């Protein structure tokens with residue numbers, strides 16, 4: 001089967017025009033033709049980071065069994081090698097971003113957090129997590145004979161493994177435990193719907209013995225929330241791209257707190273510094289899990305050449321010092337918290353620069369762009385303007401498609417995204433949108449003012465950029 005797409009203007013053009021200007025509306029025809037204080041990747045050869053831990057070392061030797069299944073959470077780590085840097089009026093391209101292999105950790109709740117020395121997320125030892133087919137933040141793990149040891153979940157060889165879901169736990173446990181499970185279920189059910197409403201965000205900077213987060217509290221608050229007059233921030237861009245449907249608000253005060261960690265950062269493990277900062281936050285402000293929707297940790301410099309990482313479909317995002325201030329990195333990592341995967345192109349998981357889930361850029365106020373059609377469909381902000389079509393059974397679809405910058409939430413006739421269901425052939429559907437380079441999307445790096453075709457699987461994996469089409473171009477390719 002092939003799919004043909006013809007693009008043409010939907011508005012009259014004067015005969016004196018010699019160039020085709022970027023179009024506001026396009027007409028489409030679609031037809032069926034062990035990690036603890038140090039880790040392998042962040043080794044601490046000097047041993048300095050050992051003083052980072054605020055925990056009692058003797059308690060680590062008392063092996064304790066978990067009371068609850070843990071929640072499997074995917075961690076996406078992005079590295080700074082060959083980053084791309086935004087400068088006023090230009091983009092300096094030094095190549096791609098090297099990505100760490102996905103890591104799957106156990107997210108803990110209730111008294112299991114205390115048993116794991118206060119850690120909310122622990123590595124899994126004794127199980128090949130790469131082979132697990134999980135929904136991050138939803139799939140649960142229960143292992144016979146598992147114990148917490150030295151900041152990890154240790155699973156004995158040959159242990160019986162039970163893979164489940166947070167939806168399975170409704171009939172057992174104390175009322176307190178059941179209440180926590182119900183809260184988790186409610187939050188995940190909300191994530192399966194459109195990502196809307198108000199979300200509480202807390203940003204944390206840190207002072208260690210040798211290093212401190214470069215930006216002060218007021219600067220970070222301004223970069224994230226615009227409290228000092230910054231008009232382009234994490235808060236403003238999500239508000240703009242969602243057309244007011246998703247709002248990030250400070251959890252307390254100006255949204256930023258400062259902690260002191262009693263240890264050395266330089267040459268240490270990013271995960272150890274993360275744990276120490278979360279320990280300090282909990283000691284000062286209590287257990288924030290379930291109270292804060294997004295916890296943003298701005299680590300002091302010195303833990304390596306990484307950019308940031310986030311826990312997928314979860315609540316923690318971690319940034320390497322001044323990357324905490326960069327717009328695209330903020331939007332990208334919180335996108336992972338919201339359950340979004342990377343946007344790939346040509347075999348590069350970051351290669352699709354038509355939206356925010358590809359490369360990260362160094363630029364406090366740019367680039368201004370939203371998300372590709374596959375990600376926009378997942379977010380659910382344009383549901384009333386999304387068309388699902390099966391050319392095999394429904395024939396040809398004709399209609400106008402507009403960019404997200406021109407979305408009108410009061411319109412009942414507008415189309416922003418066309419989804420082509422290919423479930424009968426593959427688990428990867430096609431998503432088509434018009435990447436209008438205007439307003440909230442005026443800084444889009446690639447494929448501005450083009451029809452873009454994106455392929456995306458139902459499970460968590462990078463979407464794949466298929467094609468970008470200029471106006472008045474006929475495109476024919478076997479895609480179905």
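Of all alpha-carbon pairs in segment 389-480, indicate the percentage at a distance above 17 angstrom. Every Cα pair in segment 389-480 considered, those over 17 Å come to 56 percent.
Here the residues 398, 475, 465, ranked from fewest to most Cβ neighbours within 10 Å of their Cβ, fall in the order 398, 475, 465.
For the pair segment 123-151 and segment 205-251, the centres of their Cα atoms are 33 angstrom apart.
Projected over all directions and averaged, the alpha-carbon convex hull of segment 209-321 occupies 7.5 nm².
Sorted on the mean count of surrounding Cβ atoms within 10 Å across their residues, most packed first, peptides 223-232, 445-454 read 445-454, 223-232.
Cα centroids of segment 358-381 and segment 440-480: 14 Å apart.
Since every read-out is calculated from the coordinates, none of them should be taken as a lab result. Since this is a predicted model, take the numbers as computed values, not measurements. All Cβ positions, glycine included, derive from the backbone under ideal geometry; neighbour counts span all protein chains shown.
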